[in-house]
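What follows is calculated from the coordinates using simple rules that are stated; it is not laboratory data. The model shown is predicted, which means the values in this text are computed figures rather than measured ones. FYI the Cβ positions are ideal-geometry reconstructions off the backbone, even for glycines, and counts take in every protein chain you see.
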Amino acid sequence: MRLALLVAYQGTRFSGWQIQETPCAPLTVQGVLESAVSRISGRHVRLFGSGRTDAGVHAHGQVVHGDVPDSRFPPQGDAVAADGCDASGRRWRHSLNALLPADVRVLAARTARPDFHARISALHKTYFYDLWQETAFTPPRLVPFVWPCGPLDLDAMNAALRFLIGRHNFATFRNVGTETESDVRTLMEARLVPLPAADVLLPPHAPGLRLVLRADGFLKQMVRNITGMLAACGRGKLSPDAVPALLAAEDRRALRAATAPPQGLTLARVTYPDGDGFAFPPEV
């Protein structure tokens, strides 16, 4: 039986999603999830994620699949309910969350088609990157989830974003470490959303910003490099009009801006053809 999972995690203490086959391998999300699924299955089960999040990066909507024994929680042909689970998947969710650490949760589970693949079947992915503009303080509860970058010029950043939308070679925004057949990707959505500033627990402060990027695929640290470039524009260190030349260079060395740190980044949603994926998190 092919099992599909919707997984959320706080990436702070993990060395990314992917298992590293080395002696004294570091802790990864894939590793702890495979351990739990394999324990319930009674044999090793290899899991495949929709994408490889880096060390320190979070997820609200990572999608995972693996082939598990039919005998453990037999599929019953039930329809998927509003919670994203069928009857078998609901039992998997309950059992997995009883074994997983608190910073990894299965939000939903369901029986998938035999040819469903969490990565290959995906149509597009949405990432969030959260920025904290207040210089006086960063609330401790937000420290693991934001980049305290200071005040930014939103108009300059929006001007830069407009050049990125569409189909481009994004090699300038790819860090070394993963070979790809092509660096061409289609960025369907790129926008900055001011986050609500009102918080009764805090004195008045500058609003946070959320960068929302949706594409048919992302290169290694592409979102973090785009964020670093936008921050340089927002600080007046880079002109938005320089972005077309950066794209044309197709070379990471052309981008002088530093890669944004990982903790502000979250894999928010993976979208599949109708009937293959999960209905939440909703499009934002």
Notebook entry, point to check: Using the alpha-carbon atoms, what tilt in degrees (0 to 90, nearest 10) does helix 222-234 show relative to the longest principal axis of the chain?
Noted result: 30 degrees
Check: Cα axis of helix 87-99 to longest principal axis of the chain: angle in degrees, 0 to 90, nearest 10?
Finding: 70 degrees
Item checked: Listed residues Val243, Pro69, Thr227: farthest to the positive end of the dipole of the chain (Cβ charges) -> Pro69
Notebook entry, point to check: If you average 1/r over all unlike Cα pairs in the chain and invert the result, what Kirkwood radius do you get in angstrom?
Noted result: 20.0 Å
Next item on the list: Multiply the residue separation of Met188 and Asn158 by 0.36 nm, subtract the distance between their alpha-carbon atoms, and state the gained length in nm to one decimal.
Entry: 9.3 nm
Margin query: Net charge within 15 Å of Pro75 by Cβ-Cβ distance, Lys/Arg positive one each and Asp/Glu negative one each, not counting Pro75 itself?
Written below: +3
Next item on the list: Could you state the angle between the C-alpha long axis of helix 154-164 and the longest principal axis of the C-alpha atoms of the chain, as a value from 0 to 90 degrees rounded to the nearest 10?
Entry: 60 degrees
Checklist line | Estimated distance in nm for a label pair at Gln18 and Thr138, the labels positioned 7 Å out from Cα along Cα-to-Cβ | finding: 2.7 nm
Next item on the list: List Glu34, Glu189 from most exposed to least, where exposure is judged by having the fewest other Cβ atoms within 10 Å.
Entry: Glu189, Glu34
Notebook entry, point to check: Sequence-distant or interchain residues sharing an amide H contact under 5 Å with Ala112, placed H: which?
Noted result: Arg2, Leu3, Ala4
Item checked: Electrostatic dipole magnitude of the chain [Cβ: Lys, Arg +1; Asp, Glu -1; Cα centre; debye, to 20] -> 400 debye
Notebook entry, point to check: Quick one: His65, His124, fewest Cβ neighbours within 10 Å first, how do they rank?
Noted result: His124, His65
Check: Tell me, Asp70, Asp183 in order of fewest to most beta-carbon neighbours within 10 Å?
Finding: Asp70, Asp183
Checklist line | Cα-only Debye scattering, the stretch 1-64: base-10 log of I(q)/I(0) at q = 0.12, 0.20 Å⁻¹ | finding: -0.28, -0.77
Next item on the list: Starting from the Cα coordinates of the stretch 124-267, work out the convex hull volume and express it per residue in Å³.
Entry: 104 Å³
Check: Taking Cα centroids, how far is the stretch 37-78 from the stretch 191-255 in Å?
Finding: 32 Å
